[in-house]
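The values are calculated or read from the model by the stated rules, or taken from the named source; none is laboratory data. Fair warning: this is a prediction, and the values are worked out from it, not measured in the lab. Quick reminder, even Gly has a Cβ in these numbers, built from the backbone with ideal geometry, and neighbours come from all protein chains shown. The area values use the complete protein model at the heavy-atom level, side chains included, leaving out ligands, DNA and RNA. Shrake-Rupley method; radii C 1.70, N 1.55, O 1.52, S 1.80 Å.
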Amino acid sequence: MSEDNEFKLSPAIAYARQFILANGTRTLNLDQLAADLHIAKKTLYKEFPTKEKFIEYVLFDIYHELFAESRAVQLDPKDPLRCFYGLMKALFRHVSHINPKTVLDVKLFFPRVWKEIEEFEQEVINRILDSFQKADELGLLRKKFDLKFTADLIVRIVQNTFQPEIFISAPYSITEMIKIFVDIIMNGLMEKQFTFNFSDDE
């Protein structure tokens, strides 16, 4: 899309972004969008031949923003776990305002977008693993964990557990919730002098 057309369509893209994040893609009505924004529907179809192509563009716009924010997080070899924290912040901010319906719609109806999401997820897992490996080399981590499995598990927990309604009903801000989650993952729930007894687990 040319810069000129992107500027002309920016209100429609912003409108669609907000709607899709809140409601998913299936009920987006281009007639209503055009009426609300006082634009001719042919303006949209001049750039996007179908509603699906328009939605796909908006989805890429949404997810590329997350990708860029995550990729801006740099790994500091002297403080490698700061990279892990930065990646968690990016993921939390994203999942805090995207409706699960949207994710399902992408998986079912927009394979090109879903492919990029899956590739990005693996990229995040690899970056977390790199962060953990550097931290392990510095003697910061316990030796009993498979770091690749742990990195994968953490990303899956964030994606599958934290939904917008959790952030709405939680007694914490998003920033506080990120800190709580990272604290539990990295430091555990129990005081340093205590450990959970697994001896009865046969």
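How big is segment 67-164 in terms of Cα radius of gyration and Dmax, in angstroms?
14.4, 45
Counting Lys and Arg as +1 and Asp and Glu as -1, each charge on the Cβ, what is the dipole of the chain about the Cα centre in debye, to the nearest 20?
On the way: 26 positive and 31 negative charges, 66 e Å.
Using Cβ point charges on Lys, Arg, Asp and Glu, the chain gives about 320 debye.
Using a 1.4 angstrom probe and counting only protein chains, how large is the accessible area of residue 115 in Å², to 10?
Rounded to the nearest 10, the figure is 120 Å².
Note down the accessible area of residue 198, probe 1.4 Å, to the nearest 10 Å².
140 Å²
Please report the spacing between the Cα centers of segment 16-55 and segment 85-152 in Å, no decimals.
Computed from Cα coordinates, the inter-centre distance equals 30 Å.
Students sometimes get this wrong: rank 88, 177, 186 by accessible area, probe 1.4 Å, all chains present, largest first. Please report the intermediate quantities before stating the final value.
Values: 88 0, 177 20, 186 65 Å².
So the residues, ranked largest to smallest area, are 186, 177, 88.
When the gyration tensor of the chain is built from Cα positions, what are the square roots of 5 times its three eigenvalues, in whole Å, from largest to smallest? Let's see the in-between values first.
Values: eigenvalues 319, 65, 43 Å².
Equivalent-ellipsoid dimensions as semi-axes: 40, 18, 15 Å.
What angle do you read, to the nearest 10 degrees and between 0 and 90, between the alpha-carbon axis of helix 3-23 and the longest principal axis of the chain?
60 degrees
Let me confirm the definition first: pairs of Lys residues in segment 1-99, 8 or more apart or on different chains, C-alpha distance under 21 Å. How many are there?
10
Rounded to the nearest 10 Å², what accessible area does residue 65 have for a 1.4 Å probe in the complete protein model?
For residue 65, solvent-accessible area is about 100 Å².
Please compute the net charge surrounding residue 37, taking Lys and Arg as +1 and Asp and Glu as -1 over other residues with Cβ under 12 Å from its Cβ.
On the way: positive: 8, 41; negative: 31, 36.
So the surrounding residues net to 0.
Find which of 63, 81, 140 sits farthest along the positive direction of the dipole of the chain, computed with +1 on the beta-carbon of Lys and Arg, -1 on that of Asp and Glu, about the Cα centre.
63
Counting only protein chains, not ligands or nucleic acids, how are 45, 63, 85, 57 ordered by accessible area (probe 1.4 Å), most first?
Details: 45 90, 63 15, 85 40, 57 65 Å².
Highest to lowest solvent-accessible surface, that is 45, 57, 85, 63.
Using only Cα atoms, tell me the angle between helix 81-95 and the longest principal axis of the chain; keep it within 0 to 90° and round to the nearest 10.
Computed tilt is about 40 degrees.
I'd like the orientation of helix 100-109 relative to the chain: the angle between its Cα long axis and the longest Cα principal axis, in ° from 0 to 90, rounded to 10.
Here the helix axis deviates by roughly 70 degrees.
I want the local charge near residue 60. Using Cβ-Cβ distances under 9 Å, sum +1 for each Lys or Arg and -1 for each Asp or Glu among the other residues. Can you show the working numbers first?
Values: positive: 112; negative: 56, 61, 116.
With Lys, Arg at +1 and Asp, Glu at -1, the net is -2.
Given the DSSP H assignment, sum -39500 (n - 2.57) over each helix run of at least 4 residues in the chain and divide by its residue total; what's the result at 222 nm in deg cm²/dmol, nearest 500? Before the final figure, lay out the partial values.
Details: 10 runs with 144 residues, N = 202.
The per-residue figure over the chain is -23000 deg cm²/dmol.
Kindly report the accessible area of segment 92-138 per residue (heavy atoms of protein chains, probe 1.4 Å, no ligands, DNA or RNA), in Å².
Working: 2440 Å² over 47 residues.
Counting only protein heavy atoms, the per-residue value for segment 92-138 is 52 Å².
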